[in-house]
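Structure first, then comments.
What follows draws every value from the coordinates through simple rules; no lab data is involved. Keep in mind that what you see is a predicted model, and the values were worked out from it rather than measured. Note that each Cβ is placed from the backbone with ideal geometry, even for glycine, and that neighbours are counted across all protein chains shown.
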Amino acid sequence: MNTHRILGAPATGRRRWAASVAAAAAALLLTVTQASAASTAYLNRTQWITDSPESSAITSQVRSIYLADGTYVWALSTSDASNGAHVDGSLASRRIYLQAGTYTWYCTISAEMPYTGRYVSQCSLRNGGNAPAIMQSGSWLPPYSGNYTWGGYLAPQ
């Protein structure tokens, strides 16, 4: 029995099959969302958030994005999904200069530590092996349990 077969590929077609897999993998790696200098990029999720978080509460989202060289307004917030009203304390924003490149954009909501019964939001942007840029909201608590939209945006200036 040939123990070097790849996922049952016939021994005679292994090279062709491996080349096809490599080409497909390369195409997937190149499938990166691009934000041009004229468009705002978003990383948002709508989900149920309780007004009494447990100490282990955490949720996150991630996106790979290509950004053009320039200055952006980077913001994060949490708002009521039914009417768009922002939750007090959940807003944060700043201007940031970013070099052109592909970034990993990661946002989380977690219970504030030490545990206070409130939430805190945090987002980071990482370009390759460089140290990430990080932004964090103040502590916040939704006025009632319900569906909230949370995350952030990058708006070119």
| Regarding the stretch 86-125, what whole-number volume in Å³ per residue does the convex hull of its Cα atoms give? | 96 Å³
| said: Which order do the peptides 73-81, 127-135 come out in when sorted by mean C-beta neighbours inside 10 angstrom, highest first? | reply: 73-81, 127-135
| field | ³J(HN,Hα), Karplus 6.51/-1.76/1.60, whole Hz, each residue of the stretch 57-66, x for Gly, Pro | value | 5, 7, 8, 8, 8, 9, 8, 9, 8, 8
| request: Report the Stokes-Einstein translational diffusion coefficient (µm² s⁻¹, integer) for the stretch 51-110, Rh taken as the Kirkwood radius over Cα pairs, at 37 °C with viscosity 0.692 mPa s. | output: 237 µm²/s
| request: Give me the net charge of Trp150's neighbourhood, meaning all other residues with Cβ under 13 Å from the Cβ of Trp150; Lys, Arg count +1, Asp, Glu -1. | output: 0
| Efficiency by 1/(1 + (r/R0)^6): what FRET value for Asn83 and Arg126, r their Cβ-Cβ distance, R0 = 41 Å, to the nearest 0.05? | 0.75
| note | Rg/Rh of the stretch 99-155 (Cα atoms, Kirkwood Rh), to two decimals, equals 1.05
| task | Residues in the stretch 39-54, backbone N under 11 Å from the label point at Ala155 (7 Å along the Cα-to-beta-carbon vector): list them, ranges by number please. | result | 40-41
| field | Environment charge of Pro53, counting only residues whose C-beta is closer than 13 Å and scoring Lys/Arg +1, Asp/Glu -1 | value | -2
| How many nm separate the modelled label positions at Arg45 and Ser60, each set 7 Å beyond the Cα in the direction of the Cβ? | 1.0 nm
